[in-house]
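Reviewing the structure listed below.
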Amino acid sequence: MCVDQSVSVRNGTHEELVDWLVSIGAARTDAVRTAIAAVDRACFVPPGIAADPYANAPVVLKVDAAGRAVSTISQPTMVVEMLEQLAVASGDRVLEVGTASGYNAALLAQLVGETGLVVSVELDEELAVSAARRLTGCGQVEVVHGDGREGFEARAPYDRIIVTAGASEVASTWHEQLAAGGRLVVPITGADGRGQCLTLDRTDEGFTQRAASPCGFVPLR
Ligand code: SAH
């Protein structure tokens, strides 16, 4: 992952954000370019949240009692880099941990197409309910209210698993629920949410690491 995640750029429209993500080399494949062009990030910013949907910045959806973000729409460059690392193919079955707004789930639904499946698990019931509503008509997506560290056994195995909150370790269930040869993209972070986003391919015994890059995420709870 080569894009500097600290750049904060303001793009005025959906098309400008898409063009910018392509121009800086963040969206590199046809599949990811087509997916980001098809999904308008503004549709995933809930009413009442004053944030520029086209800026290269996270959008905070919820904070805890201490004012720390517990749910965000991730920064566009981070979203796109993770999708490039995940390398989803049409027809894949994908598990996402951390639905939040549903923006990334909508992009995943574009990537898997009509013959694939996206299962997105969200711990916060209110967020899960509103994301499910927002994702109606966005393709083959199921939103599940639950703890994503347990994966979602009922729809396993998955070809791809993407974790969009900072984990302290790789949960054994993610290994168990990945298909042979499947891929996991997961940020491994400390309590401050900073760490490394890892791209891991499943082997019989564990994983082989394909890539790692610095990242910041709200922690898994
Ligand atoms: N993918 C999202 C961004 C995720 S932000 C998007 O496209 O907008 C991280 C989300 O993970 C938050 O909404 C948070 O509530 C959720 N989360 C935290 N711990 C979780 C857990 N154990 N299981 C499932 N979701 C969790």
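Please treat every number below as a calculation from the coordinates, not as lab data. Model, not experiment: these values are computed from the prediction. Glycine also receives a Cβ, built like all others from the backbone with ideal geometry; neighbour counts cover every protein chain displayed.
The table below lists the values:
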{"quantity": "Debye, to nearest 20: dipole size of the chain, +1 on Lys, Arg Cβ, -1 on Asp, Glu Cβ", "calculated": "260"}
{"quantity": "Value at 222 nm in deg cm²/dmol, rounded to 500, when DSSP H runs of n ≥ 4 in the chain each add -39,500 (n - 2.57)", "calculated": "-7500 deg cm²/dmol"}
{"quantity": "Dipole in debye (nearest 20) - region 131-221, about Cα centre, beta carbon charges: Lys, Arg +1; Asp, Glu -1", "calculated": "440"}
{"quantity": "Per-q log10 I(q)/I(0), region 59-156, q = 0.14, 0.20 Å⁻¹ (Debye; single scatterer per alpha-carbon; no solvent)", "calculated": "-0.49, -1.00"}
{"quantity": "Which of Ser23, Ser101, Leu86, positive extreme of dipole for region 1-127 (C-beta unit charges)", "calculated": "Ser23"}
{"quantity": "As computed over region 1-115, the Cα convex hull volume per residue (Å³)", "calculated": "108"}
{"quantity": "Beta bridge orientation in the chain: antiparallel %, DSSP, nearest 5", "calculated": "50"}
{"quantity": "Distance between modelled label sites at Arg133 and Arg194, nm, 7 Å Cα→Cβ extension", "calculated": "3.8"}
{"quantity": "Karplus-derived HN-Hα couplings along region 89-103 (A = 6.51, B = -1.76, C = 1.60, θ = phi - 60°), whole Hz, x at Gly and Pro", "calculated": "10, 4, x, 5, 9, 10, 9, 10, 9, x, 6, 6, 6, x, 4"}
{"quantity": "Relative exposure of Trp20, Trp174, judged by other C-beta atoms within 10 Å (fewest first)", "calculated": "Trp20, Trp174"}
{"quantity": "Range of Cα positions in the chain per principal axis (Å), largest first", "calculated": "47, 41, 34"}
{"quantity": "Loop-located GluC sites (Glu not before Pro) in region 165-221, at most 11 other Cβ atoms within 10 Å (DSSP)", "calculated": "Glu169, Glu205"}
{"quantity": "DSSP-defined beta bridges in region 92-221 - what % are antiparallel, rounded to 5", "calculated": "45"}
{"quantity": "Protection proxy ranking of 130-137, 47-54, 96-103 - average other beta-carbon atoms within 10 Å, highest first", "calculated": "96-103, 130-137, 47-54"}
